[in-house]
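Single-structure report; data block below.
The values are calculated or read from the model by the stated rules, or taken from the named source; none is laboratory data. None of these values were measured; they are calculated from a predicted model. For neighbour counting, all protein chains shown are included, and Cβ atoms are generated from backbone atoms with ideal geometry for every residue, glycine included.
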Amino acid sequence: MAAPAERQQAARELREIVERGQARAPHRTILTAVSHPASALTGHASGIPSNPAKPAVIVATGPGPRWLRIALGWLAAIYLVALVKHPPQWGRLHAVGIFTECTCLFPSADKYSIDFRLDGWSCSDKKWEPIDPRAYFPIQADDKESRFQRFSYFYAHNQPSMLALERWIETLHGDRDDGITGSIGGIRITKWTRTIPEIGSTVERYQYRPLDKVPKDQRKDLWWTQGAERKARCGP
């Protein structure tokens, strides 16, 4: 067993070694004292591993597995292309096309004012007469947010929708004051396109007058009940 004097001498030598090591590489002392206490006592850098293990790098990823993230990326790319080049309005693609029209909702809104008109075939007069759609569409009836205006904008070329509108008008016509007396043999949807006056010129306040005549050069017939159907309903 070592004598007390020898233990004190060994302790002094150990302290000197530690002090020399701190003066030589103070920036390593804390690290080595924690991870490699033996090298901290000697003060040598050789006690630190030459290639310490690196912590795992955590990379944020999207939802789901890799194949799903790739599929979503392709879907986003196709959607961006469809915003520029809209798909044809065929069959089920029509529903898809509605969601790609955000880049050209109203391309002519600064040049034209568009209204839709409803006409009925008078069985007694054998001609088209204007119908007041407010008798059938009372919600926001006097402005362009009327349900009739929105319906005509989106569905004037949709045959099932127009046939449903035709049945709706003919069923209720006898009980509504819509501007035509007597029976009707069918309906017609007309688009009225008017040029907006130049900037600085006088602009009349908008008033909805559904029974006014539409000039022929400003109208376009979008849908109407065929002549044979009108004749069958009105009779000889």
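Exposed (fewer than 12 other Cβ atoms within 10 Å of the Cβ) and either under 15 Å from Asp119 (Cβ atoms) or not hydroxyl-bearing (Ser, Thr, Tyr) (or both): does that describe Lys216?
yes
All but one of (1) of a type in the set (D, E, K, R); (2) part of a loop (DSSP other than H, G, I, E, B); (3) more than 19 Å from Gln207 (Cβ to Cβ); (4) without any contact (Cβ under 8 Å) to a residue 40 or more places away in the chain hold for Asp110; state the number of the condition that does not hold.
Status for Asp110: all satisfied but (4).
Is segment 206-219 home to any residue that is part of a strand (DSSP E or B), at pLDDT 90 or above and not hydrophobic (A, V, I, L, M, F, W, C)?
yes
Yes or no: segment 172-187 includes at least one residue that is in a strand (DSSP E or B), in contact with a strand residue (DSSP E or B) (Cβ under 8 Å, 6 or more places away or on another chain) and among the small types (Gly, Ala, Ser).
Checked against the condition, which is being in a strand (DSSP E or B), in contact with a strand residue (DSSP E or B) (Cβ under 8 Å, 6 or more places away or on another chain) and among the small types (Gly, Ala, Ser), segment 172-187 yields at least one hit.
Of all residues in segment 119-138, count the ones that are touching a residue at least 60 places away in the same chain (Cβ under 8 Å) and under 36 Å from the mean Cα position of the chain (by Cα).
Residues meeting the conditions: 5.
Can you pull out the residues in segment 123-157 that are of a type in the set (S, T, N, Q) and either more than 15 Å from Gly179 (Cβ to Cβ) or crowded, with 19+ Cβ neighbours inside 10 Å (or both)?
Gln140, Ser146, Gln149, Ser152
Of all the helices (runs of 4 or more DSSP H) wholly in segment 1-104, which have at least 2 residues that are at pLDDT below 70 and farther than 30 Å from Gln159 by Cβ?
In segment 1-104, 4-24, 26-35, 37-42 are the helices (runs of 4 or more DSSP H) which contain 2 or more residues that are at pLDDT below 70 and farther than 30 Å from Gln159 by Cβ.
Among the aromatic types (Phe, Trp, Tyr) and closer than 28 Å to Phe99 by Cα, is that true of Tyr136?
When the stated conditions are applied, Tyr136 does not pass them.
Can you work out which of the residues in segment 139-171 that are among the aliphatic types (A, V, I, L, M) and either assigned to a helix (DSSP H, G or I) or under 12 Å from Asp115 (Cβ atoms) (or both) is nearest to the chain's Cα centre (by Cα)?
Once the filter is applied, the top-ranked residue is Met162.
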